[in-house]
Amino acid sequence: AQPPVRSLGQTTCPYCGVGCGVDISCNGSGRSISLESLTGTPEHPANFGRLCVKGTHLLDTNDTTQRLLYPQLNGERVDWDQATDFVADKIRQVVAEHGPDAVAFYVSGQLLTEDYYVANKLMKGFIGSANIDTNSRLCMSSAVAAYKRAFGEDLVPCNYEDLEQTDLLVLVGSNAAWTHPVLFQRMERARLRNPALKVVVIDPRQTETCALADWHLAIKPGSDVALFNGLLRYLGDHQALDADFIETATEGFAATLAACMPWDLESVASCCGLSVAEVESFYRRFAQSPSAVTFFSMGVNQSTSGTDKANAIINCHLASGKIGKPGSGPFSITGQPNAMGGREVGGLANMLAAHMDIENPVHRERVQTFWNAPTVAEKGGYKAVDLFQAIDEGKVKFVWIMATNPVVSMPNRAQVERALARCDTVVVSDIVTHNDTLKFAHVALPASGWSEKNGTVTNSERRISRQRGLLPPPGEARHDWQIICEVAAKLGFAEAFDYASPAQIFDEHACLTAWQNNGERALNLSGLAGLSPQQYDRLKPVQWPVTESTPQGCARLFENKRFFTASRKAQFIALEVLSPRQLTSAAYPYVLNSGRMRDQWHTMTRTGKTSKLLQHTAQAQLAIHPQDSLALGVVSNELVTLKAHCSGNAPVILPVKIDPRQRRGEVFAPIHWSATWGSHCTLGQLFDGSHDPVSGQPELKHGAIRIAPA
Ligand code: SF4
C-alpha cells in the first residue's frame, strides 16, 4: 500500500477583514486530497497563530453538501459552453440595444483580488461602463470616501501593531470583541502588558467590547459628527493642537475649526445624549494622550453621514498630529476578507483600477492604454443602492451577481426583489445551490470556494496575503476569474483576457499600479511585479506599498507628512451635523440598529452549516430595553411584529430578547438570518435604502420601526 501523502497548506481565513493566516494539514493528493485539521499560522503577522471561533470551525463548514456543481440555465443543467454562450450573447444584445450602461456586475468582498481585477477590467475597459459595484459598498465605502477627501487617496495609515503601541484606544461603532475577535484579543493583551493604556468605547449599545473599556460613551445613534467636532474645538481651546503639523502638512484648518465652534461641551452632551462630565473626560484624555488610535467600523460607515463621521475623526487626528507615528492614527477596519483588495483594483463603481480616478482624463487614458482596451468608462457607475433602483426602473437590463446574496444583505428588500424579478437577465455565480438571490437567477454558475480558490486578499492593515487552492473545485465548479475570462473571450476580447493563472493576473495588477506612477499614488506594487509563478505561490504576507525603496512593504503611512492630494497636504473637512434620514415618528417610534453576532457571518451560507456555530446564538432576536418591553406588554421570547414604512407586505417577525444594555427607545437585531435559516425577518425589510450622498453607503444603523405583539 502507498503511504499516505501528508502536506501542510497555508492560506487565509475567508471571514473577516482581520485576515488571519491559517495552516491546514492535508492528506492525499490530486482529486483525493482531504483537509484534516486546521490551526492559526504562527508566523502570520495578522494573528500569530490565533483564530476566533469562526476560523477554528472553518473545516466544519467546508463540505460539498448544498454546493452548486453544474451550470444551470432556467433551472436546467447545461454545460459551460452553453452557459457562457448565453451570458455573452445577452451582454452583447443588451449593449447593442440599450448601450453599455444597461449592463451591470454586482460583486463581493469575498472575491479574490485576481477575480476582482478581471471583472473590473471587463466592465470598465471592454464593455465600457462603470456599472460594477460590490457588497463592500455596504462595508467600508464611507471610510474610503473620507480617506480620499482627507488624504487624496484611499489610504489606511495604521497597522495592527499601532493598537498595541498606543496610549489611547478609541473604538467607535465597533463591537470588535465579536466582529474582529483576533484583533480584540491583541488589544486585551496590550492592555495586560501596559496598564497605562486607556480604552474608550463609543457605541449606543453596551457590547461585549465594553469589557475592555475605561469609559463607555453610550452615544445617541448618529451623533458622532457632533462628538468629534466638539473634540476638535476642545483641542483648540486647550492648547492641544499640533501647530507645526497643521502648518506644514495640512490645509483647511481655520474653516474647519470655525465650523466646530458651536460645539461646546454642553451642546455636544445634549446632542449626543451624554453628560458633560462624560464628554469632557473623553476629550481631556484624547488631548493629553501622547498617542491615540481611533478604531472604527460599521457603526461609523453604515450611515447617511458615514463619510462625514469618518472625516470628523480624521480631522481630530490631523489637528493633534496623531497620525503617521507609532500608536497613532484613524484606523477603519473592514468587515470582509478582501474589501481592500477590491478597492485596489477598482471594484467600486466610482473608481478606476490601481486607485486611479474615473473623473481624471489622464488616469482614464493611462488605464485604457495599459489594458489596450477599446474604451474606458468615462463616468462613475451605479453604486449598490442606486444599482438596484436602476434595475427596478428598467434602466439596467442585465446583472451578473458574484459571490454575494443581496436579497438578504441589501436594504429595501422589497425593491431588490422587485428589481431582480423584473430584470431581463440575472446571472448568479455562487457556491451554494440555494439562497434568496439564486431564486431570481436565469443563469446559475458554480464557482469555486474557499480552500479551492487561489489568489490574494488584502486585510484591514493593507497586508496582502495568499489564499491558496488546496482542494480541486467540486463537480464542474470553476474559479471566478476563469468564468469571467471565458465570457470575455466570447465577447471577442480573448487576447486581453488570456490568463493562464492568477499569478499572471496579479502580475498585471502589480505592473498597472507601478505604471507611470512617479510617486503620485501610494498604491504601488512595483516590488511585486515580475514574480515567477513559484515566487507568487510562496509570497509572504506584505503591506503595500512595495517598491524599490520599501521592498519589505510599509507598515505605516504618512511618516514623512506627505499626502497624496494635489498640494501634498492633508485636507481638513468642515462638517455640519446632520440628522439620520430614516427618522422616528409617532407611527414608527423605535430606532432600529443592526449588526453581527459573534459566531455568524454574512447571510450564513457557510456558518449556518454547522450546529457548533449556532450554540452561541441559535436564532435571530430583537434586543429591547426592559422598560420598552413593559410598555409594549411583551415578555422574553414573545414574538413581535416589526414594521417600517418600506417593509412591504411580507411579515417581519422576531422573538424578543430583553436586554438592559439597550438604550430606551432603541432596539437591535442581527443581520444574518432570513427565511433560509428559519427567521421571518431580514433586516433589509426594515431599512429603506437611505444612503450617504458622498459614499453611497447605505444606512444600516438607524432605521425607524414600530413594534407590536405578533
Ligand atoms: Fe477569521 Fe476574522 Fe476570526 Fe481571524 S478574526 S479567524 S479572519 S473570522
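Derivation of every value follows stated rules applied to the coordinates shown; laboratory data play no part. Computed from a prediction, not measured in an experiment: that's the story for all the values here. All Cβ positions, even for glycine, are placed from backbone atoms using ideal geometry, and neighbour counts span all protein chains on display.
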Just name one of Pro374, Tyr588, Leu212: the one whose Cα is farthest towards the positive end of the charge dipole of the chain (beta-carbon charges, Lys/Arg +1, Asp/Glu -1). Leu212
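Out of the DSSP beta bridges found with both residues in the chain, what percent are antiparallel (nearest 5)?
45 percent
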Given backbone amide H placed at 1.01 Å from N, residues whose amide H is under 5 Å from that of Thr12, ignoring those fewer than 5 places away on the same chain, are Val22, Arg468
Which GluC sites (Glu not before Pro) in the stretch 276-364 sit in a loop by DSSP (not H, G, I, E or B) and have at most 16 other Cβ atoms within 10 Å of their own Cβ? Glu359
Once the dipole of the chain is set up from charges on Cβ (+1 Lys and Arg, -1 Asp and Glu), the residue from the list Cys16, Ala277, Pro533 lying farthest towards its positive end is Ala277
HN-Hα J in Hz across the stretch 282-293 - Karplus 6.51, -1.76, 1.60, θ = phi - 60°, x for Gly and Pro: 5, 4, 4, 4, 5, 5, 8, 6, x, 9, 7, 10
Using only C-alpha positions, report the orientation-averaged shadow area of the convex hull of the stretch 256-393, nm², one decimal. 12.6 nm²
Dipole magnitude of the stretch 141-333 about its Cα centre (Cβ charges: Lys, Arg +1; Asp, Glu -1), debye to nearest 20: 360 debye
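What number results when the radius of gyration of the stretch 122-252, computed over Cα atoms, is divided by 2.2 N^0.38 Å?
The stretch 122-252 yields a ratio of 1.31.
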Using a Cα-Cα cut-off of under 27 Å, which lysines could be cross-linked to Lys198, ignoring same-chain neighbours fewer than 8 residues away? Lys220, Lys309, Lys322, Lys325, Lys561, Lys701
Let me spell out the model: positive unit charges on the Cβ of Lys and Arg, negative unit charges on the Cβ of Asp and Glu, origin at the Cα centre of the stretch 364-405. What dipole size does that give, in debye rounded to 20? 120 debye
Report, to two decimal places, the Cα Rg of the chain normalised by 2.2 N^0.38 Å (N = number of residues). 0.91
Ranking of Trp263, Trp515 by count of other Cβ atoms within 10 Å, fewest first: Trp515, Trp263
Using Cα pairs under 8 angstrom and six or more residues apart, how large is the relative contact order of the chain, in percent? 19 percent
Ordered by residue, what ³J(HN,Hα) values in Hz, to whole numbers, does the stretch 245-252 give under the Karplus form 6.51 cos²θ - 1.76 cosθ + 1.60, where θ = phi - 60° and Gly and Pro are x? 5, 4, 5, 8, 10, 9, 9, x
Would you calculate, for the chain, the mean residue ellipticity at 222 nm contributed by helices, counting each DSSP H stretch of 4 or more residues as -39,500 (n - 2.57) and dividing by all residues, to the nearest 500? -8500 deg cm²/dmol
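Based on Cβ point charges of +1 for Lys and Arg and -1 for Asp and Glu, what charge dipole magnitude is obtained for the chain about its Cα centre, in debye rounded to the nearest 20?
I would put it at about 1000 debye.
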Net lengthening on full extension, Ala421/Glu520 (0.36 nm per residue, minus Cα-Cα): 31.2 nm
Could you work out the local net charge near Lys569, counting Lys and Arg as +1, Asp and Glu as -1, over the other residues with Cβ closer than 12 Å to its Cβ? +1
Please give me, ordered by residue number, the trypsin sites (Lys or Arg not before Pro) of the stretch 620-699 that lie in loop per DSSP and have at most 15 other Cβ atoms within 10 Å. Arg661, Arg664
Using the charge dipole of the stretch 530-651 (Lys, Arg: +1 at Cβ; Asp, Glu: -1 at Cβ; taken about the Cα centre), state which of Thr547, Ser579, Ser567 has its Cα farthest towards the positive end. Thr547
Can you compute 3J(HN,Hα) from phi for each residue in the stretch 23-28, using the Karplus curve 6.51 cos²θ - 1.76 cosθ + 1.60 with θ = phi - 60°, rounded to whole Hz and x for Gly and Pro? 9, 10, 8, 10, 10, x
Give the residue list of trypsin sites (Lys or Arg not before Pro) in the stretch 472-539 that are DSSP loop and have at most 15 other beta-carbon atoms within 10 angstrom. Arg538
Placed amide H near Ala447: partners under 5 Å, 5+ positions off or other chain: Asp430, Ile431, Arg478
